[in-house]
Structures are given as structure tokens and as C-alpha cells.
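The values are calculated or read from the model by the stated rules, or taken from the named source; none is laboratory data. Bear in mind that the values here come from a model prediction, so they are computed numbers and not experimental data. Here Cβ is always computed from backbone atoms with ideal geometry, including for glycine, and neighbour counts include all displayed protein chains.
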Amino acid sequence: MESFSIRVLLCIFTCSFLFFLYGCVSSQNGMDSSGDETNKVFQYEGDGICLDIRTGRMWQVERGGSFSSLQEAEQYAANMKIGGHNDWRLPTRAELYDLHDIFFWEKNGNCTMNTTGDFWTASEKGEKPLGHWETYYLCGPEFKYSESLGSDGYVRAVRP
């Protein structure tokens, strides 16, 4: 009976390990070659704006000052006038993820931004809107949203 239990545990461990390896190989094969210029998705438009050529979204290059409330951050973004546009807003958490992903894979073309620090995001389903994306490695990059421990955050405004 004891050898049967050991064999079952060994089988479970082996299967788990194989699924883990398969996941690693699958995620590694999905990596793109970031050095290829055709993979660049951002282009600098001038006037402090970077354009995501896939979505048409425009991003503020310089992060806005530090704000201690969501209302202050939203007001700052709403009052911005950059490049002749006045319809700036806070990004959603998903849009901020997309920005982090673009810079992680170095698909930002000729656009440079300081992406470090905590940023305000538009509230999604009552979630806390201040935090940042982090990258960890397991079988390749894993992204995790970390809520801010502080109360101050930057604005990285986006428009439609």
C-alpha cells in the first residue's frame, strides 16, 4: 500500500512538472524579437506626445506631478492641453499594463518615457486606482499589478 502511494505521488509530481515545462516552452515561443523595427508600436509625434500606431491612442510623454488624490489626478488630466488636444484622461489599469508591456518588450520605437513610480488610473469596478505594473520571471516574464503603499502618484495621461 505504501509503495502505491509513493507511485501516485511521483506520478502527480511528474505530470505537474511536465505541465510546468510545457507552459514555459509555450510562453517562450510566443516571445517576439524586440529588435525588429517592424514590431515598434510607438512613434513620437512631437509636442510631448507618443502615438500607439495600433490603437491610435496618444500618451503624454512627461509624467505629470505627484498628486495625493484621484480627484486631483483626474482634474489635472482633464485640464491638460498638449499638442492641440484637450480630451486627456487617466488610463485604465489595462491601458497602463499595455504601456508597461510595450516598454518591457522595447517596442516603444523612438518614444522615451519614465515609467517608474506609482500612477493613477481610472477606477475599474471600485478597485484602488493607484499603483504600478511589475515584471517577474518564472517561465518568462510575468506581469503583476502592485497597489501603492503610499498615497501620492503620478499622472500619465492618455487620450482616446
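Close contacts from the range 74-85, counting a first residue that is on the phi > 0 side of the Ramachandran plot and a second that is assigned to a strand (DSSP E or B), with Cβ to Cβ under 6 Å and a gap of 6+ residues or different chains, come to G83/I49.
Scanning the range 136-160 for residues that are exposed (fewer than 13 other Cβ atoms within 10 Å of the Cβ) and touching a His at 6+ places or on another chain (Cβ under 8 Å) yields F143, S146. Looking across the range 73-85, just one residue is part of a loop (DSSP other than H, G, I, E, B), surrounded by 13 or more Cβ atoms within 10 Å (Cβ to Cβ) and in contact with an Asp or Glu (Cβ under 8 Å, 6 or more places away or on another chain), and that is G83.
Residues of the range 138-160 that are without any contact (Cβ under 8 Å) to a residue 60 or more places away in the chain, under 13 Å from G117 (Cβ atoms) and part of a strand (DSSP E or B): S146 alone.
In the set (1) closer than 14 Å to I49 by Cβ; (2) buried (at least 16 other Cβ atoms within 10 Å of the Cβ); (3) touching a Phe, Trp or Tyr at 6+ places or on another chain (Cβ under 8 Å), N110 fails one condition alone, (2).
For the range 25-37, a tally of residues being outside any loop (DSSP other than H, G, I, E, B), at pLDDT below 50 and either surrounded by 13 or more Cβ atoms within 10 Å (Cβ to Cβ) or not hydrophobic (A, V, I, L, M, F, W, C) (or both) returns 4. Within the range 86-106, the set of residues being loosely packed, with under 15 Cβ neighbours inside 10 Å and either in a helix (DSSP H, G or I) or not charged (D, E, K, R) (or both) comprises N86, A94. Here G65, G131 are screened, and the one residue that is touching an Asp or Glu at 6+ places or on another chain (Cβ under 7 Å), small (G, A, S) and in a strand (DSSP E or B) is G131. Scanning the range 38-56 for residues that are buried (at least 17 other Cβ atoms within 10 Å of the Cβ) and either touching a Pro at 6+ places or on another chain (Cβ under 8 Å) or under 22 Å from G131 (Cβ atoms) (or both) returns C50, D52. Restricting attention to the range 116-140, report how many residues are in contact with a strand residue (DSSP E or B) (Cβ under 8 Å, 6 or more places away or on another chain) and either at pLDDT below 80 or among the β-branched types (V, I, T) (or both). Summing the residues that are in contact with a strand residue (DSSP E or B) (Cβ under 8 Å, 6 or more places away or on another chain) and either at pLDDT below 80 or among the β-branched types (V, I, T) (or both) in the range 116-140 gives 5.
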